[in-house]
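The values are calculated or read from the model by the stated rules, or taken from the named source; none is laboratory data. Everything quoted here is computed from the prediction, not taken from an experiment. Glycine also receives a Cβ, built like all others from the backbone with ideal geometry; neighbour counts cover every protein chain displayed.
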Amino acid sequence: MPQTGLLSNKTALVNGASRGIGAAAARLFAREGATVVLAARTESALQAVTADIPGASYVVADLGDVASVEHAVATVVERHGRLDIAFNNAAIGVPPHPIVDYPEDDFDLVMRVNVKGVFYAISAEVKAMMQSGGGAIVNNSSVGSLIGNPTLPAYAAAKRAVNSITASAAVAYAPAGIRVNAIAPGLTMTDMVDEWNRHDPGVIERIIAGTPLGRAARPEEIAESAAWLLSDRASFVTGAILPVTGGAAV
């Protein structure tokens with residue numbers, strides 16, 4: 001029987017796959033026919049998620065370390081002979097601070113992981129995809145990249161940089177048959193959002209009040225948007241920053 005899944009016969013890398021949106025994406029991509037390699041920093045969490053996904057494997061990797069990112073991509077190619085699609089989901093959040101009180105160490109950490117990490121993940125993924133004739137990449141940005149964000153200014157700036165990197169890579173590598181897009185999720189119930197709410201009680205309710213659908217997203221819903229952009233059904237879409245916000249204005 002022919003495979004009819006959205007991502008049938010694709011080899012996929014999902015980084016930041018040990019929890020939240022990344023774990024949901026890894027499960028979804030596998031259900032849609034992909035062979036999935038999960039990457040994240042915490043091996044025990046990776047093991048737990050991978051155990052539930054038929055045919056999946058994992059590699060321990062830190063998106064904030066260029067050599068580690070390159071190793072993850074090389075591992076996918078070594079195991080499966082190619083890399084077809086990649087979801088750059090891994091990111092780090094820090095406690096909310098206004099610009100005037102922002103700790104330099106927190107700023108450097110956010111930029112190292114959320115900007116530099118994505119930049120060099122794309123670099124390694126593009127090199128691998130060029131070897132097999134093309135592919136597709138989706139970067140996880142944020143609705144915070146599209147609006148002013150007074151409590152998370154470094155995180156928002158980093159995600160806006162991801163949008164720029166996405167657009168640049170899309171133009172640069174379209175001739176090689178590589179599409180590069182990003183999703184910009186609105187409020188999504190993840191551990192990072194729970195941590196934000198602990199530092200800023202009530203932030204979840206305030207954001208929901210401004211969301212026309214009247215609720216936060218589930219990680220699985222965000223994963224669905226990434227899956228479509230990575231699939232051949234989005235074959236003429238590249239350089240897009242797709243808001244997935246429940247109707248919240250951007």
Taking the stretch 118-167 and keeping only residues that are over 29 Å from residue 75 (Cα atoms) and among the aliphatic types (A, V, I, L, M), one is left with 143, 146, 147, 152, 154, 156, 157
### Task
Inspect the stretch 73-86 for any residue being at pLDDT 95 or above and under 14 Å from the mean Cα position of the chain (by Cα) and give the result as yes or no.
yes
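Any idea which of 32, 70 is under 16 Å from residue 89 (Cα atoms) and either over 15 Å from the mean Cα position of the chain (by Cα) or small (Gly, Ala, Ser) (or both)?
Within the list 32, 70, the selection yields 70.
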**Prompt:** Yes or no: residue 84 in contact (Cβ under 8 Å) with a residue 12 or more places away in the chain and crowded, with 18+ Cβ neighbours inside 10 Å?
**Reply:** yes
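Name the single residue, out of those in the stretch 218-250 being of a type in the set (A, V, I, L, M, F, W, C) and modelled with pLDDT under 95, that is surrounded by the fewest Cβ atoms within 10 Å (Cβ to Cβ). Give the derivation first.
Step one: of the stretch 218-250, the residues of a type in the set (A, V, I, L, M, F, W, C) are 222-223, 226-230, 234, 236-237, 240-242, 244, 248-250.
From what's left, modelled with pLDDT under 95: 248-250.
Working: 248: 18, 249: 11, 250: 13.
Restricting to residues being of a type in the set (A, V, I, L, M, F, W, C) and modelled with pLDDT under 95, the top hit is 249.
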Within the stretch 167-217, residues among the hydrophobic types (A, V, I, L, M, F, W, C), in contact with an Asp or Glu (Cβ under 9 Å, 6 or more places away or on another chain) and modelled with pLDDT under 95 come out as 204
Out of (1) over 14 Å from the mean Cα position of the chain (by Cα); (2) more than 25 Å from residue 97 (Cβ to Cβ); (3) among the polar types (S, T, N, Q), the one residue 225 does not meet is (1)
When the stretch 4-28 is checked residue by residue, the ones that are farther than 20 Å from residue 189 by Cβ and touching a helix residue (DSSP H, G or I) at 6+ places or on another chain (Cβ under 9 Å) are 5, 6, 7, 10, 11, 12, 13, 15
The condition from (1) out of contact with any Ser or Thr (no Cβ under 7 Å at 6 or more places or on another chain); (2) under 23 Å from residue 200 (Cβ atoms) that residue 156 misses is numbered (1)
